[in-house]
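Report on one structure; see the data block that follows.
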Amino acid sequence: MKNKIIAAIAAGGAITMALAGCGGGNGGTPAADVDLSEVTHEGTVSVITRYAGNYESFFEKMKADYEDMHPDVTIDLQQESDQGYKDKIKTLTASQSLPDIYFTWPGNYAEQFYDNGVALDLTEVIAPGTEWGDTMAPSALEAFTKEGVTYAVPFGLDAKFMVYNQKLFADAGVTVPETLEELIETCGTLRAAGITPMSFGNVDGWPALHYITQLNSYNVPAETLAADFKPETATFDHPGYAKSLEQFTEILTECTDSGTGANGVDYYTERDAFGAGKAAMFYVENLEFGATVPEGSQAEADGWDQFKLPAPSDAEGDTEALTGAPDGFLINSRSKNAALAVDFMKFVTSQENASELTAQMGIPSPVKDSLTEENSTPQLRESIDVLQSASSLSIWLDTVTVPDVADAFLSGVEGLISGARSPEDVMSSVQAASEQAKG
Amino acid sequence: MSEGALVTEANRVELTRASSTLDEPKGGHGRGRKWRGLLWALPALVLLCLFVYWPLLLNFRYSVEQSNIFTGEQTFVGADNYVKMAGDPIFWRALGNNVLYSVVSVAFQVFGALILAAIIEGLRRERLRSWLRAIYFVPSAMSLTVTGLLFAFIYQPKGGLLNGLLESLGLGGLAQAWLGNPDTAMGAIIAMSQWQGFGYSTLLFAVAIQRIPSELYEAAAIDGIGPIRRVFSITIPLVREMTTLMIIVTLSGAFQVFNEVMVTTSGGPDNSTQVLGTWLYRSGFVKNDFGYAAAIAVVMFVITLTLAIVQVTIANRKRL
Amino acid sequence: MADTVAVRPVHRGSARSPRPVGVLGFWRIVGRLMIFGLLAALVIAVVYPILWMGISSLKTNSEILGNPFGWPDALDFGSYVRALDSGVATYFLNSVIVTGASVILTTLISTWAAYALTRITIPFSKGILYLIIGGLMLAPTVAVIPLVKLLQAWGIYDTYWALILLYTAFRIPFTTFLIRSYMIDLPLEVDEAAVLDGASTWQTFWRVILPMCTPIIISAVILQVLFAWNEYLFALIFIGDESLKTLPVGLATLSSRAVTDFPAVFAGMTLAAIPMIALFFLCQRYFIRGLADGVGK
């Protein structure tokens, strides 16, 4: 049996970060089983990504470059769309035929692979303090760490920001709000000036959850959140949750035109509305900056910048937390070429290739100093600075929790938007789902 | 529900005929090669057993198990999934939505379509009749995905056709996010489904009405019976068998609804448009709870099978 | 026809009361107007959205959102190019492959089964008939969960074969009965004459029975095409690979991936709908015959 030496690191916001001597968790494969230090450059490594379409050229280049360097290696690359990946990975999992390297979102989504023993413990090669780990932003590694075990390679950095139109702000004579109360006031002033303060569409359910994720980390203390995100200790009974829902309703009514009809409004149409200079603000992921304000758009001409969704002045939680999370890759614990797979991921996340990632796809990398003036916009660089200085990253509410709880939040918030449900009502169904998930 | 109805429709009637001729087999050349004749039916039997019957049996087993997709382990849990279902408010809402779907569809696609078919067949010009039948049928030839995406645009709160129409009629106050409001979303989807399906049942009723001997109408006209009375005293009674069939088929289709909900709302907002099919899909393929999904499938099986048995019973009684 | 006899005498006496012609004429005109109004309104309700779909595919994005009822300023067929480029060409081809293969298999296998059940004597023919009848009563949804694992185990998950074999298996009951109902009415002398000519069962089927069934086979084919082209549930669950998706699922993917290129989505929808609408108008006669023969005489 292994002794667990647990040293909790207080910095962990949404996630309890801990160091353990050996692989803890429920059935994760101990690192000792696989020797990752000896790499023989021959054989085949299979990879599945969710970057089909506009983004697929990056991994194609990685494959070609790596194969050029190591002629005896074949990278078997499969790229899927977002939804295609979700379907595919389920099939591959169920038929016990996961590839050597596979994509993941953080939170419970990634943990379930590790917990069920199909993802490798990578602590010895990528934890902070290791050569590879030191090239990565600590908050990104933290997102893939559970009880001291780091089980994924962070790949893309993604966080949520409020973008605003500088001309529209100036027209209405408002400045960037510092608190949530000021944001609401700003919306009133913009509206009085005949400007739509914020565009918002929630037809898919997740856009609202991103607001709730950020508000939850402001209103609920970090330790409470961390406990609630673990199925065994979850209660979801902190009053801060209901408060977040109320604050979100206020934003919805005071700042958006969509209001109670938001569930029928398309997110992307609303994003276009910001780009067309028809709304003063829009809440968006930084890797979408390019799509939100395309070259030649009205918003680009008007000038734009971003700020973090401001915290309420009476926040009980961590006001320095930021909603966002890295995407990552897991290594199959049953892989025959695990060491080679790790080596390939090291190559993909080298500083040179990480810069390439941003230049080609507009996706910021968790690799330190990979953003340069040549490969990114000032707004993107600034967003990454904010991200680096955030005390912790709050992972999307719909991937951090178990599926039942995520579902309860998703549908509950839809009901909240349409006015059919009260915040307390939403939280009681979340609590019920959480109890159910305990089995 | 066009394809589904098509399948069941034609066949359920056919079923009656089939069983009526069971006792009087034709053919049979008595060549002593009877067993070899089985080869003709073998491909059909093999495919049916592999892809229809075997999964059906397995589904019963799955419904009393819980499975872990990561390890492939299956554990016997007895009636747990059914107990969970009984206490699941969304399951009951889904079932309720299916019932609502059935009631509305029977009203429009059976009784509405019957009246419409009677009106069309009462027109004098054959050309007009056949054009109307054909035009009304067109939505049934389109895939439900196309219809669903089309109506998602029609129902859009901003720039949608329906709200635009209401505003131009001075009813702008009624405009709303039809699919985004839990109070209107189910109604909006059901309305779309009527648009899609009414022409199909109208066509079938029209075919049935054409089979009524025209002398009956002529005689009634001579007797001074007006056109409306003729519909009620001749047409409706004489297509009674078809009406019964259409009711069953429509009910069965309404309990299998899936595509139209998936492409418009996938069951949202706030699970207000969840039906058994989408709740099964979500439980099995989004929440990875195969056992629970299998239990929902068993409920759907029981409902559709009951309807089928009712149908066969009615058909048989009619024959006697 | 027993009902008819019952109907007529009831109304014979009561319907003779004479009415003033003027009032009758007035109400008849009102009634006719209402009827034509209803029929015309329904035609508009059906045709307008479909035309709107086609017209919208030629508009620009801002025209769709800003002026949904208007005509486009310029006809822009670029949306069709974009739709085809972003997957619709692949989806269309996949739909053709899956539909074509399942039509051939379903028709062949069902015609054989119908032949076995009507023209020759086979053991257990009653049992076989019931087994096929039973297939009509099962909702496809019920088999979906176990099929996931079965198709994976058989190695056809996420291949064309998954859809081709499922579309065939689930449509054999309907098609067999449709063809059987026609075949059973062919005179027995036909087979006897063939036998006298020295034809084997195999030859009788291909040379005599099959050609005689051409009209109903055309109907069966058309109904199967309509089914396979529009099927969504199986296509959603058993195909994950983007390059194997058929139109109904592919279009749904396109609409979420094209983000705000609405004209391209409308173009994709139009491309998916046109073949079936055309098929219906071109083959209306066979279509209605298929339905009518299935419904029974």
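Here, each number is a calculation from the coordinates, and none is a lab measurement. Given the structure is predicted, the values throughout are model-derived calculations rather than measurements. Neighbour counts run over all protein chains shown; Cβ positions are idealised from the backbone, glycine included.
What relative contact order, as a whole-number percentage, does chain B give when Cα pairs under 8 Å and 6 or more residues apart are counted? Could you put the intermediate results ahead of the total?
Details: 352 pairs, mean separation 94.6, N = 320.
It rounds to 30 percent for chain B.
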Legend entry - Exceeding the 24 Å Cα-Cα cut-off - candidates A:K230/A:K308; A:K63/C:K245; A:K86/C:K245; A:K160/A:K278: A:K230/A:K308; A:K63/C:K245
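Percent relative contact order of the stretch C:159-297, based on C-alpha pairs within less than 8 angstrom and at least six residues apart? Can you show the working numbers first?
Working: 75 pairs, mean separation 45.4, N = 139.
Normalised by residue count, the contact order of the stretch C:159-297 is 33 percent.
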Legend entry - Dipole axis of the stretch C:78-295 (+1 Lys, Arg; -1 Asp, Glu on Cβ), positive-most option in C:T260, C:A278, C:V225: C:T260
Inset, instruction - Starting from the amide H of A:S394, placed 1.01 Å from N in the peptide plane, find each other amide H under 5 Å away whose residue is 5 or more places distant or on another chain. - result: A:L322, A:T323, A:G324
Inset, instruction - Of the options A:F344, A:V367, A:Q388, report the single residue whose Cα projects farthest towards the positive end of the charge dipole of the stretch A:293-439 (beta-carbon charges: Lys, Arg +1; Asp, Glu -1). - result: A:F344
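Mind running the shape call on chain B? Use the C-alpha gyration tensor, a ≥ b ≥ c as the square roots of the eigenvalues: rounded below 1.5 for a/c, prolate if a/b tops b/c, oblate otherwise. Don't jump to the answer; show the numbers that get you there.
On the way: a/c = 2.25, a/b = 1.09, b/c = 2.07.
Here chain B falls in the oblate category.
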Inset, instruction - In a Gaussian network model over chain A where Cα atoms closer than 10 Å are linked, find which of A:S95, A:S391, A:S46 has the largest mean-square fluctuation. - result: A:S95
Inset, instruction - Enter the angle in degrees (range 0 to 90, nearest 10) between the Cα long axis of helix A:351-361 and the first principal axis of the Cα atoms of chain A, meaning the one along which they spread out most. - result: 50 degrees
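Using the number of other C-beta atoms within 10 angstrom as an exposure proxy, rank C:S110, A:S258 with the fewest first. Don't skip to the end; give the middle numbers.
Values: C:S110 27, A:S258 23.
Arranged by neighbour count, lowest to highest, C:S110, A:S258 become A:S258, C:S110.
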Legend entry - Degrees, to the nearest 10: A:57-69 long Cα axis against longest axis of chain A: 20 degrees
Inset, instruction - Go ahead and set up a Gaussian network model of chain A, Cα springs under 10 Å, then flag whichever of A:G264, A:G317, A:G117 fluctuates most. - result: A:G264
Legend entry - Cα gyration tensor, the stretch A:319-412 - rounded (a/c under 1.5), prolate or oblate: oblate
Inset, instruction - Output ³J(HN,Hα) for the stretch A:248-255: one whole-Hz value per residue in order, computed from phi by the Karplus curve 6.51 cos²θ - 1.76 cosθ + 1.60 with θ = phi - 60°, and x for Gly and Pro. - result: 5, 4, 5, 4, 4, 6, 7, 9
Legend entry - Gap separating the Cα centres of the stretch C:33-99 and the stretch A:206-261, nearest whole Å: 41 Å
Legend entry - Rounded to whole Hz, the Karplus (6.51, -1.76, 1.60) HN-Hα couplings of the stretch C:42-47, x for glycine and proline: 5, 4, 5, 4, 7, 6
Legend entry - Amide H contacts under 5 Å for A:D76, placed H, 5+ residues apart: A:V45, A:S46, A:V47
Inset, instruction - Residues in the stretch A:75-110, backbone N under 15 Å from the label point at C:S243 (7 Å along the Cα-to-beta-carbon vector): list them, ranges by number please. - result: A:76-81
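In what sequence do B:I190, A:I126, C:I218 fall when counting other Cβ within 10 Å, fewest first? Let's see the in-between values first.
Numbers: B:I190 23, A:I126 27, C:I218 17.
In increasing order of surrounding Cβ atoms, one gets C:I218, B:I190, A:I126.
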Inset, instruction - Evaluate peptide C:189-197: per residue, the Cβ atoms of other protein chains within 10 Å of its Cβ; return the mean as an integer. - result: 1
Inset, instruction - Evaluate peptide A:87-97: per residue, the Cβ atoms of other protein chains within 10 Å of its Cβ; return the mean as an integer. - result: 6
Legend entry - Among B:N97, B:N288, B:N81, residue whose mean-square fluctuation peaks in a GNM of chain B (springs only between Cα atoms under 10 Å): B:N288
Inset, instruction - Specify which residue in the list A:N116, A:W132, A:S81 is farthest towards the positive end of the charge dipole of the stretch A:77-170, using unit charges on the beta carbon of Lys, Arg (+1) and Asp, Glu (-1), about the Cα centre. - result: A:S81
Legend entry - For A:H238, A:H41, order by how many other beta-carbon atoms lie within 10 Å, fewest first: A:H41, A:H238
Legend entry - Whole-Hz ³J(HN,Hα) from phi, Karplus 6.51 cos²θ - 1.76 cosθ + 1.60, for the stretch A:384-395, glycine and proline x: 6, 4, 4, 4, 5, 8, 5, 5, 7, 9, 9, 6
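Could you work out the relative contact order of chain A, using alpha carbon pairs under 8 angstrom and six or more residues apart, expressed as a whole percent? Don't skip to the end; give the middle numbers.
Numbers: 867 pairs, mean separation 105.7, N = 439.
Averaging sequence separation for qualifying contacts and normalising by length gives 24 percent for chain A.
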Inset, instruction - Please work out whether the stretch C:78-295 counts as rounded, prolate or oblate from its C-alpha gyration tensor, where a ≥ b ≥ c are the square roots of the eigenvalues and a/c under 1.5 means rounded, while otherwise a/b larger than b/c means prolate and anything else oblate? - result: prolate
